[in-house]
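The values are calculated or read from the model by the stated rules, or taken from the named source; none is laboratory data. Note that this is a predicted model, so its numbers are computed, not measured. We place every Cβ from the backbone using ideal geometry, glycine too, and count neighbours over all the protein chains shown.
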Amino acid sequence: MAQQHLCETWSRADIQALFDMPFNDLLFKAQSIHRSHFNPNEVQVSTLLSIKTGACPEDCKYCPQSARYDTGLEKEQLMEVQKVLEQAERAKHTGASRFCMGAAWRNPKERDMPKIVAMIQGVRELGLETCMTLGMLSETQAAALAEAGLDYYNHNLDTSPEYYGDIITTRTYKDRLDTLQNVRSAGMKVCSGGIVGMGEEQSDRIGLLQQLANMPVPPESVPINQLVKVEGTPLDHLDDLDPFEFVRCIAVARILMPKSHVRLSAGRETMSDELQALCFFAGANSIFYGEKLLTTANPVAEADLKLFARLGLTPEQRKPAKPLFYDATARESQSSATV
Ligand code: SF4
């Protein structure tokens, strides 16, 4: 799907004005925009598998996979390709259209690339869309993943540029933007969002959404995560974010990025059915589905199916895959559209 505007930019004041709207007005606006771009009763469903767990050298304060925090998480090496494909097959049978594979790395090592490429090719052959999150990517690595047929690459901005240093010190905001640019230049779709409820101010939530919405091409997929407070991480003691503020974030993301899939992501397991329904009304149209969301619990697939049935929602069907070849022309034209 072609993405929205290449010229409209959002100021912080514009975005603040959206956050300040009366709740009902904001939801009405978001839902009106949502239904002019999407079937409002369809939700895209992705499954996420941790293909390499724990022992990450980075210091993201929310993350139980960082080697710096004692969270009791069991470390696991990079999974065997066959095991990943078995999980992908199961995900397909439970209704997922996209299979996301996540590794707790600062960045992938060259020695891991053949296995990674084999995973992408195998999952693709099962007829699923492919997504990976492996940390920072060089231009060469991004090109190799694109050549293997990777559809999406996930790399979150996490929060505003101003608050970022309070959360992560081992990589910069610019490192993240560079990886996203490498992903775009290689011709892959971008999945990028952030986490709310990390003790940030509303102005930081505004700053995060501004960064995402003002990209030359906004991310096709925008996960809005609610902090999952894992004991042993530095953020485990924080107060919960007001659920209505969370819904406002979803609604504002929908308004700023009308053609993107806005994903209700981590944190869903602690949300009531009613809160999730409100998020769908505010424009969320993608979820992770299955028992595990990397290393934290996620509502089991059956509960999701029941909720879908109660709300009259159906899983969005997968769009036909792009041909598996490397299109240098497309790559160049994408590249020129990025900063
Ligand atoms: S969020 Fe990713 S990069 Fe940060 S510590 Fe966790 S696994 Fe590592």
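Taking the condition of being within 15 Å of the ligand (Cβ to nearest atom) and either among the basic types (Lys, Arg) or in contact with a Leu (Cβ under 9 Å, 6 or more places away or on another chain) (or both), how many residues in segment 132-153 meet it? Don't jump to the end; show me each part of the working.
Within segment 132-153, the subset within 15 Å of the ligand (Cβ to nearest atom) is 132-137, 153.
Still in the list and also either among the basic types (Lys, Arg) or in contact with a Leu (Cβ under 9 Å, 6 or more places away or on another chain) (or both): 132-134, 137, 153.
So the answer is 5.
Hey, among the residues in segment 305-317 that are assigned to a loop (DSSP other than H, G, I, E, B) and buried (at least 18 other Cβ atoms within 10 Å of the Cβ), which one's modelled with the lowest pLDDT? Lay out the reasoning, then the answer.
First pass over segment 305-317, keeping only residues assigned to a loop (DSSP other than H, G, I, E, B): 312-313, 316-317.
The next check asks that each one be buried (at least 18 other Cβ atoms within 10 Å of the Cβ); those that pass are 313, 316.
On the way: Leu313: 93, Glu316: 82.
Only one residue tops the list, namely Glu316.
What number goes with the only condition from (1) at pLDDT 95 or above; (2) surrounded by fewer than 21 Cβ atoms within 10 Å (Cβ to Cβ); (3) not charged (D, E, K, R) that Thr159 does not pass?
Among (1) at pLDDT 95 or above; (2) surrounded by fewer than 21 Cβ atoms within 10 Å (Cβ to Cβ); (3) not charged (D, E, K, R), Thr159 violates only (2).
Being surrounded by 21 or more Cβ atoms within 10 Å (Cβ to Cβ) and touching a Cys at 6+ places or on another chain (Cβ under 6 Å) narrows it down to one of Val196, Val222, so name that one.
It is Val196.
For Tyr164, only one of the following conditions fails: (1) in contact (Cβ under 8 Å) with a residue 24 or more places away in the chain; (2) within 26 Å of Asn225 (Cα to Cα); (3) surrounded by 20 or more Cβ atoms within 10 Å (Cβ to Cβ). What is its number?
Answer for Tyr164: the failing condition is (1).
Applying the selection to segment 95-115, what residues are farther than 23 Å from Thr170 by Cα and either surrounded by 24 or more Cβ atoms within 10 Å (Cβ to Cβ) or out of contact with any helix residue (DSSP H, G or I) (no Cβ under 7 Å at 6 or more places or on another chain) (or both)?
Gly95, Ala96, Ser97, Arg98, Phe99, Cys100, Pro114, listed by residue number.
Among what's in segment 272-295 and is surrounded by fewer than 18 Cβ atoms within 10 Å (Cβ to Cβ) and outside any helix (DSSP H, G or I), pick the residue that is modelled with the highest pLDDT.
Ranking the candidates gives Ser272 first.
Quick one: is Ala146 in contact with a strand residue (DSSP E or B) (Cβ under 8 Å, 6 or more places away or on another chain) and buried (at least 22 other Cβ atoms within 10 Å of the Cβ)?
Working: in contact with a strand residue (DSSP E or B) (Cβ under 8 Å, 6 or more places away or on another chain): no; buried (at least 22 other Cβ atoms within 10 Å of the Cβ): yes.
No.
Inside segment 43-82, can you point out the residues that are near the ligand (Cβ under 9 Å from one of its atoms) and free of Cβ contacts under 8 Å to residues at least 40 places away in the same chain?
The answer is Ala67, Arg68.
If only one of Lys92, Lys109 is among the basic types (Lys, Arg), within 16 Å of the ligand (Cβ to nearest atom) and on the phi < 0 side of the Ramachandran plot, which one is it?
Only one candidate qualifies: Lys109.
Within the bounds of segment 170-189, is there any residue that is small (Gly, Ala, Ser), touching a residue at least 12 places away in the same chain (Cβ under 8 Å), closer than 24 Å to Phe244 by Cα and buried (at least 22 other Cβ atoms within 10 Å of the Cβ)?
Within segment 170-189, not a single residue is small (Gly, Ala, Ser), touching a residue at least 12 places away in the same chain (Cβ under 8 Å), closer than 24 Å to Phe244 by Cα and buried (at least 22 other Cβ atoms within 10 Å of the Cβ).
Output the residues belonging to segment 32-51 that are outside any loop (DSSP other than H, G, I, E, B), over 18 Å from the mean Cα position of the chain (by Cα) and surrounded by 18 or more Cβ atoms within 10 Å (Cβ to Cβ).
Ile33, His34
If only one of Glu245, Glu332, Glu302 is modelled with pLDDT of 95 or more, in a helix (DSSP H, G or I) and surrounded by fewer than 21 Cβ atoms within 10 Å (Cβ to Cβ), which one is it?
Values: Glu332 fails: modelled with pLDDT of 95 or more; Glu302 fails: modelled with pLDDT of 95 or more.
Criteria check complete, one pass: Glu245.
Taking the condition of being acidic (Asp, Glu) and more than 14 Å from the ligand (Cβ to nearest atom), how many residues in segment 154-165 meet it? Reasoning before the result, please.
Pass one, segment 154-165, residues acidic (Asp, Glu): 158, 162.
Next, from what is left, pick out any that are more than 14 Å from the ligand (Cβ to nearest atom): 162.
So the count comes out to 1.
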